[in-house]
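The values are calculated or read from the model by the stated rules, or taken from the named source; none is laboratory data. Quick caveat: nothing in here was measured; it's all calculated off a predicted structure. All Cβ positions, glycine included, derive from the backbone under ideal geometry; neighbour counts span all protein chains shown. The accessibility values were calculated without ligands, DNA or RNA, using every heavy atom of the protein model including side chains. Shrake-Rupley method; radii C 1.70, N 1.55, O 1.52, S 1.80 Å.
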Amino acid sequence: MSTVEAPLYPIAVLIDELKNDDIQLRLNSIRRLSTIARALGEERTRSELIPFLSENNDDDDEVLLAMAEELGVFIPYVGGLEHAHVLLTPLETLCTVEETCVRDKAVESLCKIGSQMRENDLIEWLTPLVKRLAAGEWFTARVSACGLFHIAYPSAPETLKTELRSIYGQLCQDDMPMVRRSAASNLWKFAGTVESAHLKADIMQMFEDLTQDDQDTVRLLAVEGCAALGKLLEPQDCAARILPVIVIFSQRPEGYGGANAIEFPETDLLPAYVRLLRDNEAEVRIAAAGKVTKFCQILSPELAIQHILPCVKELSLDSSQHVRAALASVMMGMAPVLGKDATIEQLLPIFLSLLKDEFPDVRLNIISKLDQVNQVIGIDLLSQSLLPAIVELAEDRHWRVRLAIIEYIPLLANQLGVGFFDDKLGGLCMQWLQDKVYSIRDAAANNLKRLAEEFGPDWAMQHIIPQVCPIILTIDLLHPKSKNLCSLGVLSAQVLEIANDSHYLHRMTLLRAISLLGPVMGSEITCSKLLPVVVNASNDRVPNIKFNVAKVLQSLISVVDQSVVEKTIRPCLVELSEDPDVDVRYFAVQGLQSIDQVTMSS
């Protein structure tokens, strides 16, 4: 083989793999089309690679999908915008395949290429492609054509624009429901490129025809475009052409979803929305309740209080737990709309009742949005109403509710301030460390770290360390090697009780908390308060505790001084490396290796 041909040999292999029977090899080669194109050069890519891809009759959808995606970014490899049209042929073929995801990706790539092509090339190459697809014998081609009109239309001359509008109108009345669905879902894109006069005359007629289609999926897809179409029309035309459709479809929440994005007179939409909130079908009430905040944002506070709040009260007592959950997920957003007085008098009682709902998802959704109410009524008033519920939820029987409370605690701490937090919520944070569920214990350990970051090391030294360290220090009081018998006298009765009853999993959680607190507390406190606790925990009878001690010691190497590492951490790890348990020895050796690496680097 000559030296000229040698660099192309791997490329030849890739091209051969495009024809291989192994799907994975073909897929790998397709994903490296850009590599092949760079090696071939622009001219050979246009004359050899692209024709080969156009004639490729691969029947694997994954390969075709990858090809459609790759071709969308292929303009630089065929010689730039001047030759971008050569990419249209293989993509046109992909627009006709049976698999929907392949067609959608091909249309997406055609739109991407078309948006960069020169105006003359669009008229010469893309518009004929759209017309061919629209006239295709198979419905798949016609479905794909609907997504390309908004790219071809703006650059077309007037006579061609008239033809394109006519073709789109025919697609809206196609015999195949799949084509009409595609026409309905893409109508708003096409409408955005059509001149105002034709928008009112032609596009709105297509819209009205689609909203009266005998297929409900077609009708619903058409109605979903109401908001986009409404923004293109004058207010009076919008009220005359769009609003009647929304009112008719107000029994279908899917069709009403985007209506609040259009500027309608408030009183025109209000009765239809209230009907949805009180609909007999739970699914309708769920969809309507999920949009209550967005709808209130287009109303005046007076109308929201007069008409929407009574419905919200009814929904908070709805027999369907899913309706209450949907309401709870958005209801807090009403507070800024209603204002402080209405929120305190009318919204807060509903909020507190949902906090005690028997369905956990309702309580979770309320907890996650507490900050929206706080912004309106202030933390003092909120805490008076909130704290009893927080304390109750901290012991909720559903662990996901307890988890949500834990994750909200740092934000609540920031809002309450250190003094208020210490009095009311400090005890809960230690209580969660002994929860029966691992996720709660782990979140509680992370919570201590976040609180230490929020309030500072001095606060943590006063409120966290005295409670964490003694618990660990008592785990081995009866162990022969224990060095901490003297600490028994300084422990409170409460801590002793916790320690004596503590399961080894709880002790592991406390070790985890120490590993998280170390970097926050700094070297001095870690050496004086945390490190001795960890070293003494190495005497625990449970191997899981001991190998977690090794892991914690390894994490503290970067926190303390090198002298402390050599004097305290290394001897402890050496002792653990001789433990009978294989896992303890493994993690101890890992820690020793980390020390050696730090020593060598320094």
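Centre-to-centre separation between the Cα atoms of segment 102-125 and those of segment 177-239: 23 Å. On the principal axes of its alpha-carbon atoms, segment 513-602 has extents of 32, 28, 19 Å, going from largest to smallest.
Under 25 Å of direct C-alpha separation, and excluding same-chain neighbours fewer than eight residues apart, LYS551 reaches these lysines: LYS436, LYS449, LYS481, LYS483, LYS529, LYS567. Given a cut-off of 22 Å, name the pairs among LYS131/LYS189; LYS294/LYS340; LYS105/LYS161; LYS161/LYS200; LYS231/LYS294; LYS105/LYS200 whose C-alpha atoms lie farther apart than that in the structure shown. Checking Cα-Cα distances, LYS105/LYS161; LYS105/LYS200 exceed 22 Å. The convex hull defined by the C-alpha atoms of segment 97-218 has an orientation-averaged projected area of 7.0 nm². Model label points for GLN215 and GLU98, set 7 angstrom from Cα along the Cα-to-Cβ axis, are 1.8 nm apart. Heavy-atom accessible area for ASP581, with the other protein chains in place and a 1.4 Å probe, reaches approximately 40 Å². FRET efficiency for the THR89 to GLN173 pair, using the beta carbon distance and R₀ = 25 Å, is estimated at 0.30.
Calculated FRET efficiency, SER528 and GLU454, Cβ-Cβ r, R0 35 Å, to nearest 0.05? Don't jump to the answer; show the numbers that get you there.
Working: r = 23 Å, r/R0 = 0.64.
Approximately 0.95, to the nearest 0.05.
The phi torsions of segment 222-228, fed into the Karplus equation with coefficients 6.51, -1.76 and 1.60 and a -60° offset, translate into couplings of 5, 5, 4, x, 4, 4, 5 Hz, rounded to whole numbers, with Gly and Pro shown as x. A DSSP coil position with no more than 14 other Cβ atoms inside 10 Å describes the following chymotrypsin sites (Phe, Trp or Tyr not before Pro) in segment 39-140: TRP138.
Mind checking segment 563-602 for GluC sites (Glu not before Pro) that DSSP puts in a loop (not H, G, I, E or B) and that have at most 12 other Cβ atoms within 10 Å? The qualifying sites are GLU578.
The convex hull around the C-alpha trace of segment 130-190, projected and averaged over every direction, spans 3.5 square nanometres. Within the same chain, aspartates and glutamates fewer than 8 places from LYS356 are excluded, and of the rest, those with a Cα less than 12 Å from its Cα are GLU392, ASP396.
Figure note: LYS436, LYS231, LYS200 ranked by solvent-accessible area, largest first, 1.4 Å probe, ligands and nucleic acids not counted: LYS436, LYS231, LYS200.
Protein heavy-atom surface of segment 98-182, 1.4 angstrom probe: 51% of the accessible area is carbon and sulfur, with nucleic acids and ligands not counted.
If R0 is 35 Å, the Cβ-Cβ spacing of GLN431 and LYS551 corresponds to a FRET efficiency of close to 0.90.
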